[in-house]
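The values are calculated or read from the model by the stated rules, or taken from the named source; none is laboratory data. All of these numbers come straight from a predicted model, not from anything done at the bench. Please note: Cβ atoms are built from the backbone with ideal geometry, for glycine as well, and neighbour counts cover all protein chains shown. Remember, those area values only see protein heavy atoms, side chains included, never the ligands or the DNA or RNA. Shrake-Rupley method; radii C 1.70, N 1.55, O 1.52, S 1.80 Å.
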Amino acid sequence: MSYDNEKRQLKAAMPEDIYEILKKHKCFVAGGAITSLFTNRDTNDIDVYFRSKESLAAVLKEIYEETRFSLICTNYTDKSILFTEPGEKEEATKVQFIYFKYFEDLQQVFDSFDFTVCMGGFDFETEEFVFHADFFKHNSQRYLKYNTGTDFPLLSALRVDKYKEKGYSISKPEYIRVIVNAAKIDMTSWEDAKAHIGVYRDWE
């Protein structure tokens, strides 16, 4: 399928100059923004992933040299940078650059995610959507299927409640898998905990 309507909606969800910069540098958008797009929810938070450190650096350089750039940096960590549309707009566009690691393709991005309902993405190189095999089925069922290979298992435990608020459910065996996976993390300090929950701001 071409998903032309969803492509137009994704493009409309971000400033045109941002779209063109991400396209030029062959970035990815994946996760909640794509899920929202295909489940008829507003797309306000857009997570961007990169193929390399050089790609990230090139995007940032172009952003700060581009006088038409329409977002401002409002938060940053050692894993991500959040840009927000300026002004008093109630539902301001937010674009988050994720760089805790780099990815050759969207499948590698999906491998780092926790739930299949998040495993949809847009590849700016091809301008095509890519989905996990169960993305549509589990979103239609509002069912949380867990990926134990996720990079942030503690964050997954916190995100379950967020999804329940949106009408998703998780079975007891799946939730046990989430908890057991989180329990395997070697944490001895609050700094260790922040390293596992600080990549995104939506856990709060």
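Of note:
- Heavy-atom surface analysis with a 1.4 Å probe gives region 1-56 a carbon and sulfur content of 44 percent of its accessible area.
- Taking Rg/Rh (Cα atoms, Kirkwood Rh) as calculated from this structure, the corresponding entry among (1) 1.04; (2) 0.98; (3) 0.95 is (3).
- Proximal charge balance of K145 [Cβ under 13 Å; K/R count +1, D/E count -1]: 0
- For region 6-14, 3J(HN,Hα) per residue [Karplus equation, 6.51 cos²θ - 1.76 cosθ + 1.60, θ = phi - 60°, Hz, x = Gly/Pro]: 5, 5, 5, 5, 5, 5, 6, 6, 9
- Extension gain for K26-K162 works out to 45.9 nm (0.36 nm per residue, less the C-alpha to C-alpha distance).
- Relative contact order of region 1-113, taken over Cα pairs closer than 8 Å and 6 or more residues apart, is 25 percent.
- Taking other residues whose beta carbon is less than 12 angstrom from the beta carbon of I185, and scoring Lys, Arg as +1 and Asp, Glu as -1, yields -2.
- Rolling a 1.4 angstrom probe over the protein heavy atoms with all chains in place gives region 30-146 an accessible area of 48 Å² per residue.
- The calculated FRET efficiency for S171 paired with A133, based on their beta-carbon distance and R0 = 22 Å, is about 0.70.
- Electrostatic tally near G121: other residues with Cβ closer than 10 Å to its Cβ, Lys and Arg +1, Asp and Glu -1, net -4.
- Pairwise centroid distance, computed over Cα atoms, of region 20-51 with region 157-181, Å: 23
- The lysines within cross-link reach of K23, meaning a Cα-to-Cα straight distance under 27 Å and a gap of 8 or more places when in the same chain, are K7, K11, K53, K61, K79, K89, K94, K101.
- Per residue of the chain, the DSSP helices (runs of n ≥ 4 H) give a summed -39500 (n - 2.57) that works out to -12000 deg cm²/dmol at 222 nm.
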